[in-house]
Structures are given as C-alpha cells and as structure tokens.
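Input: a single structure, listed below in structure tokens.
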Amino acid sequence: MRPKSSLLFIFLIGLIGCLPTQEPVAVTRPMVVTEMPTEVSVSTAVPPTQTPPPTATQIVAATVTNTPLPTNTPEPAWPTTPILFVRDGALQRWLPQTNEVEILVDGVNYPIYASDIVVFFRETKPQEEYALIVFHIPTRTEVELLRQPAGEIRNALTGETRYVPPETPITVSENGRWLAYVLQDEETGIFTLSVQEIQTSTQGVALSQVIFSRELPMRFKWPYAFLTWPTANELSWMEPDGIWIAKLDEMPVTSELAILASTNMAPVYLMDPAKQDQGPQWAATTYIPSRWSPDGRFLLAIERFPSEGQSHVFKSSNVVPTISSNCPIRQLAN
C-alpha cells in the first residue's frame, strides 16, 4: 500500500505542476481608485461663499415685479376770474361760474388792459377818424379823450390802402390810475408828453386835467417811442440825453434824468454811393428800455448798434450800467 500512496502523491504533484502559471492578483493594481476621487473633487469643489445669499434673488425680484407708486398729477384748475377778449370788434367777458359770455362794449380796436380799465380806439368816421376811449368795466361807463385822423397803410404789391387807428404812443399804469400819451402838433410838429389821472367811482369814470406835460426835444419815433412804468406811480420815457422818470403821486409832479445817454460810438455807413469813399460816420448808440425790476430800482435796456447790440442793466439812481452782456438784436428801420 505504501507504493500506491507514493504514486498517488507524485501524480497529484505532477498534475499541479502542469497547470498554467498565473501572476498573483494585486488588489491595488487593477482597480483605478484614483479616478473616482478626482471626479468627486471637481464636482464638489465649490466654496460655500460663492453661493449667492438668499436675499439677492428677493431684491432683484422686487425691483422687477413691484408696481411703482402713482404720482400726484395736479388736476387742471378751472379759472375762477373772468377773462376779457375782443371778438368781432366787441369787448367781451367770459364768466367761469356760469360759462357765459357777455358783451361789454362795441367798437374796440387795439385795447390796453389795466386793472378795471380798458383804453382803446373806436372808429367814429369810417376810414377817416378814430376816438380814444377810456372804459370802466364795473360800471360799464366810458369817456372820450380825443380824436385823431386814421392812419393809412398801403400795400406795395396790390396798391390797396387800409385805414387803421393812429400811431399814438399810449400807456396805462398797472393800477389803472394813470394815462400817459404823446401827441404831435400838426402845425408846429412838436411832440408833447401828457399825463392824466383816471378817476373812478360807483357812478362811472372820468379824467382829470393834465397833471404833467412836457415838450419833447425830438421826434417821438423809433427808437424813442417808449413809455414804461418803473412803478405803478412812476412814468419813464426817452430823450436824446437819456431816460427820464416822473413821480406822478407827488404834487406838483417832478421829473429827473435817471440814466444818462450812451457815450459809446458806432460806425454808420452812408448809403449814398457818391459818399462811399468818405468812410463810415460815427454816431452814439442808444439805450432802449426793455423792462424794469419790480421795485423800480433797475432797468434792463438794449444798447442799439447798427447791426448788433448789448443788453445792460442800469440802476435808476446811477448813470452807468451795473451789468452788461452781449446779445444780438435785429436792426429796425427808423
């Protein structure tokens, strides 16, 4: 039995030796364990601080979706005082309380409004004569101041002549108390400035005698044809030596030269071809009143040049401009 056992053992040894040779399996060698950690680290390597806070989304949503608050748009205000206007030659008044229009007076041309007073021209003789009327609105009474021939305007293209109210400088103070005008004497050609007081009562309107009168030493045409009001009781006008002011509420009425005339010189070119070789002539510029300050202390005036001008601000008690700035103006024919 011992030989058989030995032979069996040898046979088993040989059988094992004939099997194919295999390398030992290493657990760490065939498994790619390093790839999985890499993928995980890439997908999760986001710092917590980069995540937007929850309130950021809420703020954006609020600015996009919230409806803006309605604004307080003022409603159009309905007028509370009557409105005067001229239509078809009649002075009319619209009453906002009743939405009615009433006719106050007929025959109105070129009206001037001041407080409860309206001054206008009325045609008295067709194409011949006009009357200057002072009308009091509360009492609907009127007074005629003067009459003058109508002015003529001829159309150079058609030859047609149109008749209009006379070119009489007229002004009324803002408070409706003073009426000022300039008339030319047909015989002497002298221009005279006159002022009358407009007197009103519950009975009607009347005009006082002339309280101030002054003969003007020039033709009261452009650029002198300006009557302005520094205050409600002061009248100003132009003369070659400057701008004058009269205080109408003083008795007797006094006047003084408030702003001296310009001493600046500007070239004036002669239009006559035979005199072109003489060169330009020099003439003084002119201060043209534009607007007074509310307290009557300063006057905005235009310095007239042949082709351009400067605006100046004058203090009425001084004779030199306090402010000056360049501004172009259009040259107007005399």
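See the values below:
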| item | result |
| --- | --- |
| Point-to-point label distance, R291-E129, nm (Cα→Cβ direction, 7 Å offset) | 4.1 |
| Accessible surface of T81 - all protein chains present, 1.4 Å probe, nearest 10 Å² | 90 |
| Per-residue SASA entry for T73, accessible area with 1.4 Å probe, Å² rounded to 10 | 100 |
| Accessible-area ranking of E187, E100, largest first, probe 1.4 Å | E187, E100 |
| E128, E174, ranked by accessible area, largest first (probe 1.4 Å) | E174, E128 |
| Stretch gain in nm, segment E174-A90, where the contour uses 0.36 nm per residue and the Cα spacing is subtracted | 28.0 nm |
| Virtual spin-label span in nm between E152 and T263, 7 Å along Cα→Cβ | 4.6 |
| Using a Förster distance of 45 Å, the FRET efficiency for T192-T71 (Cβ separation, nearest 0.05) | 0.15 |
| Cβ-Cβ FRET estimate between A284 and T139, R0 fixed at 51 Å, reported to 0.05 | 0.55 |
| Full-stretch length increase - A274, A225 - with 0.36 nm per residue and alpha-carbon distance subtracted | 14.4 nm |
| Contour minus Cα-Cα distance for Y163 and V210 (0.36 nm per residue) | 14.0 nm |
| Of all accessible heavy-atom area on the stretch 75-211, the percent that carbon and sulfur account for (1.4 Å) | 47 |
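The values are calculated or read from the model by the stated rules, or taken from the named source; none is laboratory data. Not measured: the values here are computed from a predicted model. Glycine gets a Cβ as well: all are built from the backbone with ideal geometry, and neighbour counts include every protein chain shown. What goes into the accessible areas is simple: the full protein's heavy atoms, side chains included, and nothing from ligands, DNA or RNA. Shrake-Rupley method; radii C 1.70, N 1.55, O 1.52, S 1.80 Å.
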